[in-house]
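Notes follow once the structure below has been shown.
Every read-out reported here was derived from the displayed coordinates using simple, explicitly stated rules and does not represent laboratory data. Since the model is a prediction, treat every value here as computed from it, not as a measurement. For neighbour counting, all protein chains shown are included, and Cβ atoms are generated from backbone atoms with ideal geometry for every residue, glycine included.
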Amino acid sequence: MSTSHSHAARPKRSRRIIGLVVLGVLVVVIAATAWVGVRGLQAKDALQSAVPLAGTIKEQIVAGDSAGAATTAGKLADYAQTARSRTSDPVWRTFELLPFLGPNLQAVRELAAVVDDVAANAVTPLAELAGTLDLTDFKPVDGKIALQPLLDAQPPVAAATAALSRAATAVTAIQTADVLEVVRSAVTQLQTVTVDTALTLDGMNRAVTVLPAMLGADSPRDYLLLFQNPAELRSTGGIPGALALLHTDAGSIELTQQATSSSFPQYPAPVLPLGDDIRSIFGDNTGQFIQNVTMAPDFAQSGALAREMWRLEFGVEVDGVLSVDPVALSYLLEATGPITLATGDELTADNAVQLLLSEVYARYEVPAQQDAFFAAAAAAVFDRVKGGQADPTKLISALARAGAENRVLVWNVNETEQAVLEDTTLAGARPVSDSSTNRFGLYFNDGTGAKMDLYLDVQTALGQQTCRKDRRPQYSLEVTLTNTAPADAATSLPAYVTGGQAFGVPLGSVKTLLSAYGTPELQDLGVTRDGATVPYHPATDATYPVSTIGIELAPGDSTVLRFNWLGAGPFNGDLELRSTPLIALHPATQLDFSC
């Protein structure tokens with residue numbers, strides 16, 4: 001009996017032990033779940049509290065409240081650290097292994113880590129930097145810009161740039177395919193903010209890196225400044241009708257000499273080797289006339305040619321070449337306010353383009369007088385900025401806008417300094433594609449030999465379609481050109497504007513040479529005009545397939561060109577168009593077309 005009772009008791013005891021174990025496991029699971037849930041709510045609250053503070057910091061810095069920005073940055077860092085600590089313990093990481101719940105927890109943990117990294121290594125040092133700087137520190141005083149604030153800003157800006165770049169990469173890598181919409185939305189929002197901010201900060205980092213040297217921090221510098229005139233188009237803007245020599249030394253800037261295109265002869269041969277590609281598309285003229293150095297969409301070449309021509313005429317080898325156009329000057333006038341010229345004209349942000357690109361030709365028949373007026377206007381804006389008579393916030397905004405529109409270009413002879421500007425719009429290079437974006441180019445050169453491009457309206461659309469069994473996509477760039485000149489342009493416009501038929505173009509008509517650049521791996525499929533296949537000049541420029549065609553339009557006429565290419569393989573990224581900075585810019589729209 002005792003043996004039987006002993007055997008009966010053992011299973012009961014075993015069941016009790018198993019029950020206790022199961023109960024213990026349940027308690028642990030429930031506790032762990034509660035732990036993750038509570039910490040998840042804490043992390044959520046911390047992240048939601050942190051996000052608005054970034055906007056607050058920006059507003060405080062812009063308003064000059066550096067102390068407030070530093071305090072807010074401290075709060076942001078605390079919230080970010082809380083979110084990260086709540087989502088990085090072993091229990092949380094274990095729950096990431098669970099189906100459905102796991103991907104959400106992992107995404108939240110990685111999100112918190114990015115916010116913490118940005119707060120600690122980008123926002124905080126930048127807020128501290130703002131506490132020691134004032135935008136007025138960068139206003140010229142007696143024609144001189146203080147360089148020490150720029151030099152002091154280099155280390156923290158470089159560190160913050162690295163942190164933002166790291167964060168942009170990290171947040172882009174967060175997997176959101178299997179997460180809740182609320183998590184996906186948070187990740188998407190942070191991706192947008194981080195990537196955009198990283199680009200902005202990268203530009204700031206490049207500026208504080210290269211500006212001190214260009215302003216003569218180490219030794220005096222000389223720069224040639226080109227004023228490109230888009231009323232007579234060239235690939236990088238327009239003909240350099242007026243030029244100036246800038247001298248910098250320890251932050252001081254002086255305009256020491258001015259010249260016009262008439263100061264330069266026609267050279268019997270290109271002043272520098274052009275290369276067969278450039279000669280095939282744009283001709284030897286590119287290197288023989290100062291007006292043509294900007295014909296190719298490569299400002300490094302334009303700068304080198306202009307530098308050599310300046311050396312030949314004036315004996316000075318400059319350290320680099322800069323370029324602006326009248327539209328950029330109009331943006332600067334937003335910061336300086338109206339300027340009264342020696343002629344009595346008031347130059348404003350609203351009338352600068354019309355005055356410089358239209359009225360001046362009606363007033364002065366002699367080209368040298370026109371160029372002189374343009375040079376005087378540019379010098380007046382320069383003097384106002386140099387004299388510290390410009391709102392620094394508006395000035396920075398004006399320069400940023402002009403730079404983004406390719407209206408400000410920079411080429412340094414010093415290759416190390418120029419490398420800092422690579423891949424920016426300031427470099428004025430051919431468009432460079434990457435894994436996420438295919439970038440096309442569209443460049444204009446005037447064929448009228450006059451100033452009729454004030455009346456050239458350009459609309460563009462870009463698209464792709466996959467029609468082939470091998471999945472190779474077709475890309476098309478559609479360009480609509482319209483001559484908006486008045487019907488009586490032949491008689492109502494000055495001869496210098498219409499060209500006087502010097503190049504065989506009827507009075508009032510606009511002749512334009514368009515060069516469309518595909519991405520390097522594309523195959524040229526030709527050009528159509530108003531739906532019909534037309535002859536064009538196919539060529540290659542630095543591995544880019546180029547299609548060039550000349551179009552002549554009478555007043556009121558319009559035409560539609562379509563440039564076509566065949567891709568090498570499937571592509572699901574974005575399409576982008578880089579173009580000559582026309583007087584009026586219209587963003588490229590999406591082109592939908594069927595096979």
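List of remarks:
- Charge tally in the Cβ shell below 9 Å around Ala231, where Lys, Arg are +1 and Asp, Glu are -1, Ala231 excluded: -2
- Here the residues Val410, Val195, ranked from fewest to most Cβ neighbours within 10 Å of their Cβ, fall in the order Val195, Val410.
- Neighbour net charge for Leu522 - beta-carbon separation under 12 angstrom, K R +1, D E -1: 0
- Pairs of Lys residues in the chain that lie 8 or more places apart, or on two chains, and have C-alpha atoms under 17 angstrom apart add up to 8.
- Backbone phi angles across segment 281-292, fed through the Karplus curve with coefficients 6.51, -1.76 and 1.60 (θ = phi - 60°), yield HN-Hα couplings of 8, 10, x, 5, 3, 3, x, 10, 10, 4, 5, 10 Hz in residue order; Gly and Pro are listed as x.
- Averaging Cα coordinates gives a centre for segment 219-263 and one for segment 538-595; these two points are 30 Å apart.
- Rounded to the nearest 500, the helix-only mean residue ellipticity at 222 nm of the chain stands at -14500 deg cm²/dmol, with each DSSP H run of n ≥ 4 adding -39,500 (n - 2.57).
- Which of Arg472, Arg84 has the fewest Cβ neighbours within 10 Å, and the rest in rising order: Arg472, Arg84
- Net length available on complete extension from Asp284 to Asp557 is 95.2 nm, with 0.36 nm assigned per residue and the Cα-Cα distance removed.
- Neighbourhood net charge (13 Å Cβ-Cβ; Lys/Arg +1, Asp/Glu -1) for Ala584: -3
- Dimensions in Å of the chain - Rg and Dmax from alpha carbons: 31.0, 131
- Here is the P(r) of segment 256-373: all C-alpha pair distances, binned every 5 Å from 0, give 2, 10, 16, 18, 17, 15, 13, 6, 2, 0 in whole percents.
- Taking other C-beta atoms within 10 angstrom as a stand-in for reagent exposure, Lys511, Lys394 fall in the order Lys394, Lys511, fewest first.
- Put a plus charge on the Cβ of each Lys and Arg, a minus charge on the Cβ of each Asp and Glu, and nothing anywhere else: the dipole of the chain about its Cα centre is then about 3440 debye.
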